[in-house]
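So the structure is just underneath, and the comments pick up after that.
The values are calculated or read from the model by the stated rules, or taken from the named source; none is laboratory data. Quick caveat: nothing in here was measured; it's all calculated off a predicted structure. Positions of Cβ are backbone-derived with ideal geometry, glycine not excepted, and every protein chain shown enters the neighbour counts.
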Amino acid sequence: MRRIVRSEGYARARLVTGSIFMLLGAVVIVRMAGSAGLQWSAAPGYVLGVAMILLGGFRFYEYRTARRGA
Amino acid sequence: MPDSVSAKKAAEEQPSLRRSVTPWGSFSWGYSDVGADIFVGLGLVLGAAAGASNVAFLFAGLVYVCVGLAYTELAAAYPVAGGGQYFVLRGLGDIFGFIAGWAVLLDFTIDIVLFAWSCIDYLSKLLPFLAFTAHPWTHFGVVFAVIAGLAWLNVIGVRESSAFNEIVSGLDIASETAILFFGFLFAFRPEILIHTMQSAWPTPFNLMNGVSLAIISFVGLESISQAAQETQRPASVIPRTSISLILTILIFALSYSNLALGLQPWTPIPPDAHGHAQALWHYLGNEDNNGAAVQVLASMIPYYGALAALYVPVLGAILLLISSNSGVFGSSRIAYAMSHTQLLPSLFKKVHPKFRTPAVSIVVFCSFAILELFFAALPSLSPFFKETYARLFRGEDGITFLGDLYAFGAATSYSFVFIALIALRLNDPESPRKFKMPFNIPFKYRGVRVEFPIVAVIGFAGIFSILIFTMLTHLIGRIAGPSWIILGLIAYLVYRKRKGLPVFGSQKHDWRSQQAQILKNAGELELMDEYIANVKASDRLRSGEPAP
């Protein structure tokens with residue numbers, strides 16, 4: 001398990017899932033904006049979209065930090 | 001000086017916990033504890049908060065983000081086993097440290113039972129002979145065996161159980177990501193979500209009930225800080241793993257609740273008991289499905305749902321099993337740490353000479369968990385106890401009772417942790433904090449520059465309101481929760497009096513030497529040097545000496 005987690009392939013797989021989360025986040029925000037605009041009931045959807053984008057962004061940040069460390 | 005030398009020698013001779021938890025191990029310890037909560041919490045929250053379930057998860061989730069940031073800062077600054085109770089002990093003194101630790105111990109022992117129980121419930125979807133309603137004795141026996149097995153696994157060593165967590169956490173994250181991907185891309189309809197929120201908005205009482213249940217879905221992040229003493233380079237590793245974990249768990253909880261309210265089901269929803277059509281959120285939150293809401297929701301996802309319906313019960317069961325395992329790990333580590341600071345008898349700090357794990361603590365708290373299992377299972381095992389429980393507990397069953405206490409314990413200990421964080425920012429500005437909660441107000445306190453954490457105040461207000469909601473909406477929790485604290489406090493006072501230790505006050509702690517030793521033991525030598533330099537600089541500032 002540790003060998004897998006430390007491998008370059010694993011790091012790239014995390015980038016792929018990070019990208020999926022960013023894509024999903026963008027889709028949720030755009031669709032919520034299209035349907036509900038600035039209604040208060042859309043707030044949980046917007047927060048979800050932002051959190052997804054942040055998670056994806058954090059994975060890219062971690063990847064860059066690890067590459068610099070190596 | 002000879003005293004410190006002999007103490008150092010004694011410390012070297014004493015077996016200690018092994019540092020074998022890697023970054024991924026640290027993440028998976030936390031994930032295995034928090035990640036499974038949504039499997040239990042989703043259906044319960046939908047049943048209580050109806051069309052506002054996503055708002056309940058959002059409120060509890062934002063509080064959880066504050067809790068997570070607080071734990072991240074504290075665990076990176078003070079990487080010792082014990083987590084919340086150690087931070088409260090250090091920030092607020094012995095008696096408050098005990099209360100916080102005792103509340104967390106309640107949570108962890110309940111965690112062991114509740115998740116082992118739910119694990120068998122999920123499995124029973126594939127193996128009907130394990131069904132609780134049809135075969136209560138079989139169900140009880142298997143849950144009992146699971147708890148005993150986990151106790152053994154933890155006694156033989158953290159490395160084995162950590163590897164177990166790591167593999168399952170990885171599989172579950174991949175699975176949940178796939179469910180969200182297919183759900184949001186192919187079946188999520190924002191207009192259905194908005195309509196459900198507007199047409200099925202709950203009463204304020206039900207919303208409070210929903211929020212207090214939603215916090216159950218976020219309990220367990222402290223596992224990362226429990227494992228801090230066994231984590232390699234904790235000050236660097238813990239912030240990375242915690243932030244990832246906070247975001248992952250928040251996303252899963254918000255995603256499932258939004259999907260439950262705004263999903264266009266791939267398969268038709270069966271009518272209710274009266275033959276009427278029902279909405280998806282209602283179907284997921286009813287008594288038949290609320291125990292396995294994630295599985296039912298996953299089965300309604302387009303394309304992927306047919307596959308998910310087959311494996312989600314297995315994956316859910318495995319994740320719930322490792323969450324139960326985290327309860328064993330967490331309770332034993334807290335007791336170990338509390339014993340070191342003389343909040344609990346020295347028996348709990350005994351480390352197994354061969355496996356170097358706190359074997360006594362593991363066995364004792366698993367025994368507590370088994371007692372709770374008996375309490376939860378009795379009404380289903382015997383009609384006499386069913387009647388007795390109905391009379392004494394106003395019809396609430398054992399598992400509901402455990403759920404109430406779970407929320408109570410978490411809200412109590414988190415409230416103290418926020419206050420401790422503020423106190424430590426003021427009283428221990430010298431300890432290097434590789435990670436700090438954002439949004440701070442700098443000012444001078446006793447001649448030294450400190451930073452007041454705004455987010456900690458917001459987090460405290462949030463978690464304290466959840467504690468109030470729990471007390472207002474859970475009939476048994478508001479009696480049993482404080483009773484647990486009071487009984488523990490009485491035992492603590494008796495123990496401290498017998499040992500000749502300060503009963504209401506605190507022992508004298510040499511926090512400075514301890515902190516330097518903690519950082520040295522953690523392998524954080526640069527931080528140790530920084531800490532020593534900060535202490536010297538603070539002393540100079542306070543005494544008015546000029547800088548060299």
Residue count for the stretch B:266-301, restricted to those that are of a type in the set (Gly, Ala, Ser) and assigned to a helix (DSSP H, G or I): 6
message: Can you find a residue that is in contact with a Gly (Cβ under 8 Å, 6 or more places away or on another chain), under 30 Å from A:THR17 (Cβ atoms) and in the same structural domain as B:ASP33 (by TED's automatic domain parsing) anywhere in the stretch B:139-162?
response: yes
- prompt: Can we say B:LEU501 is of a type in the set (A, V, I, L, M, F, W, C), modelled with pLDDT of 85 or more and assigned to a loop (DSSP other than H, G, I, E, B)?
  reply: yes
query: Do we find a residue being away from every other protein chain (no Cβ under 14 Å), out of contact with any helix residue (DSSP H, G or I) (no Cβ under 6 Å at 6 or more places or on another chain), surrounded by 24 or more Cβ atoms within 10 Å (Cβ to Cβ) and modelled with pLDDT of 90 or more anywhere in the stretch B:54-73?
result: yes
message: So, in the stretch B:454-501, how many residues would count as being surrounded by 15 or more Cβ atoms within 10 Å (Cβ to Cβ) and not hydrophobic (A, V, I, L, M, F, W, C)?
response: 13
Extreme residue, nearest to B:SER323 (Cα to Cα), among residues of the stretch B:345-395 that are outside any helix (DSSP H, G or I) and among the basic types (Lys, Arg): B:ARG356
task: Would you mind listing the helices (runs of 4 or more DSSP H) fully within the stretch B:146-224 where at least 1 residues are surrounded by fewer than 18 Cβ atoms within 10 Å (Cβ to Cβ) and modelled with pLDDT of 90 or more?
output: B:190-199, B:204-214
message: Looking for something in contact with a Ser or Thr (Cβ under 7 Å, 6 or more places away or on another chain) and more than 30 Å from B:ALA369 (Cα to Cα) - is there at least one such residue anywhere in the stretch B:309-332?
response: yes
- request: Within the stretch B:292-300, identify whether any single residue is within 14 Å of another protein chain (Cβ to nearest Cβ) and either touching a residue at least 24 places away in the same chain (Cβ under 8 Å) or more than 27 Å from B:GLY210 (Cβ to Cβ) (or both), and answer yes or no.
  value: no
task: Among the residues of the stretch A:29-70, write down those that are more than 9 Å from every other protein chain (Cβ to nearest Cβ), within 16 Å of B:ARG189 (Cα to Cα) and in a loop (DSSP other than H, G, I, E, B).
output: A:GLY37
message: Within the stretch B:263-284, does at least one residue satisfy the condition of being within 14 Å of chain A (Cβ to nearest Cβ) and of a type in the set (Gly, Ala, Ser)?
response: no
message: One residue is enough: does the stretch B:229-240 have a residue meeting the conditions at the interface with chain A (Cβ under 9 Å from one of its Cβ atoms) and either without any contact (Cβ under 8 Å) to a residue 40 or more places away in the chain or over 23 Å from B:ASP107 (Cα atoms) (or both)?
response: yes
Any hit, the stretch B:192-209, residues being within 12 Å of chain A (Cβ to nearest Cβ) and of a type in the set (Gly, Ala, Ser): yes
